[in-house]
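Read through the structure below, which is laid out as structure tokens, and then see the notes.
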């Protein structure tokens, strides 16, 4: 690759291309215009979708859908609607703030000012670039802090989900910040070094490092990182352990163990999941989940998770993620050498010093603006995977147990039964209860 330095800025456009709209001299302004229009279109789209969701949920708040009238009390339906509306309305404020913040970092010159300040203090080089990444992360984290606190200690608290104390929240913040720095800074330093030392194919090396890091994280997370935040005790209920062990054997799966996580010390939401990779794979149940579901329902929920593995959803998602990240690194490898990429996004290049950290930050900020419009495709694929996992679970356990378990989880997590259909197609990674349970009706009937 090589860094963009002072000499790169002394280019002059060809005289015979001055009338070309897409000439080098016009490229920055074109990017600025495209970025601004895309950001505006994305903002309008998000506001439209959010307003649809708010209106639809509010309109159906007072009547439980007919399919659930015998199983879901009106009070639970009210709670789910109010919880959804509270999050959606606060999301509008977050959306507005996030848009202003993005403009502040880019076109209004915030990132450029931060970079130039650190350049004056530290000079060019790896130290300055790491300082830029660290400073950006700290400032962004501080700016996001009020929203995080409001979500946890106001919205989640109001609806009875928050179990966090201020002390626990602060301890979690310190731990996560320390682990993030311990892991993130060396990784960032290595990628920045690769960007400057391995030539024009640096992005391929960096992609390899990033992929290897993510695979390694799958191995070490359940054993070394997760226990720093939660306690994981072996499942003690012998009858349930026997039941889920038989299910695992019947489905041809093995795990390192079954564990119960103390999720109740932070939240009232319930869940169950697989974590780890290969020999380190383990099954984790939230204590809140075990408190709400019967053994047969837990069995069905676990069968659903096994369905993801049976259909190789996890592998497919990993392959997709790594493929997209490869394309992303390749695109970054090209953009990092384009002067207009920086100028068009409101950033002044370093003269005679590396600009790799600037390229990374700009790319990470800009990509979500453009990728928003293809996100429904990934949401649709995820929902398809959920339907397939449900079908597998019904083939291995009782469909009635899975239906009742899912309904309990929807109710206990205050998931609205009446989301806006368009909002669902754009955002939902899991199907809404009405679609999910209706898909299971013929499967359950076939078991009878």
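Just so you know, all these numbers are worked out from the coordinates, no wet-lab data involved. These numbers come from a predicted model, not from an experiment. We place every Cβ from the backbone using ideal geometry, glycine too, and count neighbours over all the protein chains shown.
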Between residue 36 and residue 62, what length comes free when the chain is fully extended (0.36 nm per residue of separation minus the Cα-Cα distance, one decimal in nm)? 5.3 nm
For residue 190 and residue 47, what does the FRET efficiency come to when R0 = 45 Å and r is the distance between their Cβ atoms, rounded to the nearest 0.05? 0.65
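For the chain, what does -39500 (n - 2.57) per DSSP helix run (n ≥ 4), summed and divided by total residues, give at 222 nm, in deg cm²/dmol to the nearest 500?
Only helices count here, giving -22000 deg cm²/dmol.
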What relative contact order, as a whole-number percentage, does the stretch 110-222 give when Cα pairs under 8 Å and 6 or more residues apart are counted? 19
Treat each spin label as a single point 7 Å out from the Cα along the C-beta direction, and report the residue 315 to residue 176 distance in nm. 3.3
By how many degrees, 0 to 90 and rounded to 10, does the Cα axis of helix 27-59 deviate from the longest principal axis of the chain? 20
With 10 angstrom as the radius, rank 34, 369 by how many other C-beta atoms surround their C-beta, starting from the fewest. 34, 369
Can you tell me, using C-alpha contacts under 8 Å and at least 6 residues apart, the relative contact order of the chain as a whole percent? 27
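Sorted by mean Cβ packing within 10 Å, highest first, what order do the peptides 232-240, 122-130 take?
On the way: 232-240: 12.7, 122-130: 16.8.
Result, highest mean first: 122-130, 232-240.
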Using only Cα atoms and rounding to the nearest 10 degrees, what angle (0 to 90) does helix 313-335 make with the longest principal axis of the chain? 10
I'd like the FRET efficiency for residue 93 and residue 220, computed as 1/(1 + (r/R0)^6) with the beta carbon distance as r and R0 of 41 Å, rounded to 0.05. 0.65
How much length is gained if the chain between residue 70 and residue 157 is pulled fully straight, taking 0.36 nm per residue apart and subtracting their Cα-Cα distance, in nm to one decimal? 28.5 nm
Residue exposure sequence - 402, 217 - by fewest surrounding Cβ within 10 Å: 217, 402
How far, in degrees from 0 to 90, does helix 433-447 lean away from the longest principal axis of the Cα atoms of the chain, to the nearest 10? 40
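FRET efficiency for residue 380 and residue 325, Cβ-Cβ distance as r, R0 = 22 Å, nearest 0.05?
It comes to 0.60.
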Restricted to the chain, the DSSP antiparallel beta bridge percent, nearest 5, is 65
Rounded to the nearest Å, what's the spacing between the alpha carbon centres of the stretch 301-335 and the stretch 358-432? Just the number, please. 15
Cβ-based exposure ranking for 334, 121, in which fewest neighbours within 10 Å come first: 121, 334
16 Å reach of a label modelled at residue 242, 7 Å along Cα-to-Cβ, counting backbone N of the stretch 286-300: 295-296, 299
Is the shape of the chain rounded, prolate or oblate, going by the alpha carbon gyration tensor and its root eigenvalues a ≥ b ≥ c, with a/c under 1.5 for rounded and a/b larger than b/c for prolate? prolate
For the pair residue 253 and residue 117, the simple spin-label estimate (label points 7 Å beyond Cα toward Cβ) gives in nm 4.9
